[in-house]
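Participant: This is the structure, below, for whatever I ask next.
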Amino acid sequence: MIAKSDLRGSHHYNAGVGATIERLMASIVKISAMRDGEPAIERVQLLGGNVETGRQVTPVEQRWWRKDAAVRRRRPSYGFRGVTYTLSKGSGGCGQQASQRRVILTRASGVLYDTRIQQHYLETDMIVDPAYFLYHSIGQYPGKSADMAAALERFSKTWGALDDRQWSEVLRQRHAFLDLWRVLIDAPEGTLTSAENVTSALFSILGGLPAQCLRGKRVLVAADCFPSLHFLLNGMAGRLGYTLETVPVRQGDFWVRDEDMIAAWGEDVGLALLTFVTSTSSHRCDLAGLIAHGQQMGSLVGVDLTQGIGIIPFSLDDYPADFVVSTTLKWLCGTPGAGIIQMRADLIDAVRPELRGWFSQPNPFSWDLDAFEYAPDARRFEHGTPSVLACIGSVPALRWHAGQDGLLAHNRALTGLVIAQAGQAGLTLATPLAEHRRGGSVMLHLPGECDPDTVIDGLRQRNVYVDARGRILRVSPGVVTTAAHVARLFEGLVTLL
Ligand SMILES: Cc1ncc(COP(=O)(O)O)c(C=O)c1O
C-alpha cells in the first residue's frame, strides 16, 4: 500500500488539472498494484486528459468509467471525468496493458475501480460489467478467480508431488483458514474448527451436547431460520427427546419479530438457535438482547452467522453465544464445503460428539481401539479426514476480506439506493427499513401477477444477476456492484413487471 501522503508527493500534474486532481486525491484512500504476486508499479502518475477519448484507456476501461457516472453524479465534487490514470513500470505509461495489471482505487465507501475486475470477467468469459447482486448466495471480489486458481494450483502441485510433504503442508494451510476465521470473529484459540457445511456443523453439536441440555426441554427456533437447519432439528427431536418450538412469522410480516422469540422463550428452553441475518428478509435480529435473555433463562444459545458474517460486524466479545456455525460463502466470497463450528471453551469440555473419529483425538495417529480420547479443544468436532481442499480454496477470500475496511459503507450506500428506487417503483420491501435491523441484502416482494422466473431471466438477459425465493426477490450488492448496476436493475424491473 502506498500512503496517500506519499502519493501526493510523488505524482506530478499540470496546473490546469490541479484542482481536479486535488479533489480526486482526496477521494483516494488506497492504491495498490500487483502482478504475479509482485508489486507491479513503481510509480503512479495522475495525468490530465480525457478518459472518454484518451488512447491510453482501453474500451473496456472507458465503459467502466461511464458505468461509474452514477457515482460521479452523486459526488460531483470528485470530478473524475477529465483525468486519466497512467501506470508506469520503468519504461513509462502502460494504460493499454492496465487490464493485465492490477489497479485498485478505493475510497471510504469501497472499491471504485479495479482493473482485475475486468481481467476476472475476461478470464471467465463473462460479458464486461455484469451487475452482480448475489452476495447472499456465493459472493465475488475483484481477482477472486485468479486468487483461487493460484491457491488450488499450489495445492495440486503439493498433492501431486512424489514426496511425503502432502499432509504437513495442507494441514498447515487449513490452519491458516482456521486462524483467519478465529480472528474474524474474535474466537479464542482452540475453540473453532472446520465443518463441511452449517447443517453438518449443527448435527455434530446436537449429537455432542450433554443429554440433560435437551432431553425433556424445548428447542426454540424462528420460522425464518435456514430451512435445512429446521429439517435437522425436527428430525433429531425424537431421538434426543426435545420438543421443537418454531416461532411463526406474523400474518403480513416478512420475518419473525424478536419480541415473539422472547415471548416464547422460558426456562424450559434448553437450546435456542438464532439466525444472525435471515436469508429471506435480511432481518438482523437483536443478537445482544436475545443472547442476554437466553442467559437469564439458562438456555444454550447457538447462532447461525451465515448471512451476516463478512458484511455486518460480529465479534464473540460483543455477542457471547455458546456456539456459532457458519460457512465461508456469501459475503466472505469463499468456496462451498468450508463451514465452521465455534464453541465456548468450557462447553467444549462437556460435549462428546457422537460423530467422531481419528481426527477427534489429540493425536489422530493414536490407533489403540480401546483408548479413544477426545481432543481437549474444538478438534473433538472433527471426525474423519478433514476436507482440506475447501478450506484452502477459501483462504485467499478470507485474506482479501481481512484487508477491507469499506465494505459495509459501500453496501449501505447501494442498499440505500435500492430501497429508494424500490419505493419509486412501488415495490414492497420485505426487509426492515431501519439500517441497524437489516443485513446486507434488500428483499423485494414481487407483485402477484408476475412470474419470478421470468423476471430473473429477463434481468439475466440485461446482465443483472439476482435470485428469488418464491415471490421474494433477493438483491445483495457488494464490492463489485456499483450505483450504475442498481440503476440497471431497476430499469429492468420497471420494464419486466
Ligand atoms: C442463514 C443460512 N444458514 C445456512 C446456510 C447454508 O447451510 P448449509 O451450509 O448447511 O448448506 C445458508 C445458505 O444460504 C443460509 O442462508
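Participant: Which members of region 116-139 meet the condition of being more than 16 Å from the ligand (Cβ to nearest atom), crowded, with 22+ Cβ neighbours inside 10 Å and either at pLDDT 50 or above or in a loop (DSSP other than H, G, I, E, B) (or both)?
Facilitator: If the condition is that a residue be more than 16 Å from the ligand (Cβ to nearest atom), crowded, with 22+ Cβ neighbours inside 10 Å and either at pLDDT 50 or above or in a loop (DSSP other than H, G, I, E, B) (or both), then Ala131, Tyr132 are the ones that fit.
Participant: To continue, here is another question. Could you count how many residues in region 185-211 are out of contact with any Cys (no Cβ under 9 Å at 6 or more places or on another chain) and either part of a helix (DSSP H, G or I) or hydroxyl-bearing (Ser, Thr, Tyr) (or both)?
Facilitator: 13
Participant: Can you go through Glu382, Glu373 and tell me which one is buried (at least 19 other Cβ atoms within 10 Å of the Cβ), among the charged types (D, E, K, R) and either in contact with a helix residue (DSSP H, G or I) (Cβ under 8 Å, 6 or more places away or on another chain) or under 30 Å from Pro210 (Cβ atoms) (or both)?
Facilitator: Answer to the selection: Glu382.
Participant: Of all residues in region 258-289, which are within 12 Å of the ligand (Cβ to nearest atom) and over 23 Å from Ile205 (Cα atoms)?
Facilitator: Thr280, Ser281, Ser282, His283, Arg284, listed by residue number.
Participant: Counting only residues that are closer than 20 Å to Val475 by Cβ and more than 10 Å from the ligand (Cβ to nearest atom), which one in region 310-334 is surrounded by the fewest Cβ atoms within 10 Å (Cβ to Cβ)?
Facilitator: Restricting to residues being closer than 20 Å to Val475 by Cβ and more than 10 Å from the ligand (Cβ to nearest atom), the top hit is Ile312.
Participant: Restricting attention to region 350-370, report how many residues are surrounded by 18 or more Cβ atoms within 10 Å (Cβ to Cβ) and assigned to a helix (DSSP H, G or I).
Facilitator: Number satisfying all stated conditions: 1.
The values are calculated or read from the model by the stated rules, or taken from the named source; none is laboratory data. Just so it is clear, the structure is predicted and the values come from calculations on it, not from any experiment. Note that we place each Cβ from the backbone using ideal geometry, even for glycine, and neighbour counts take in every protein chain shown.
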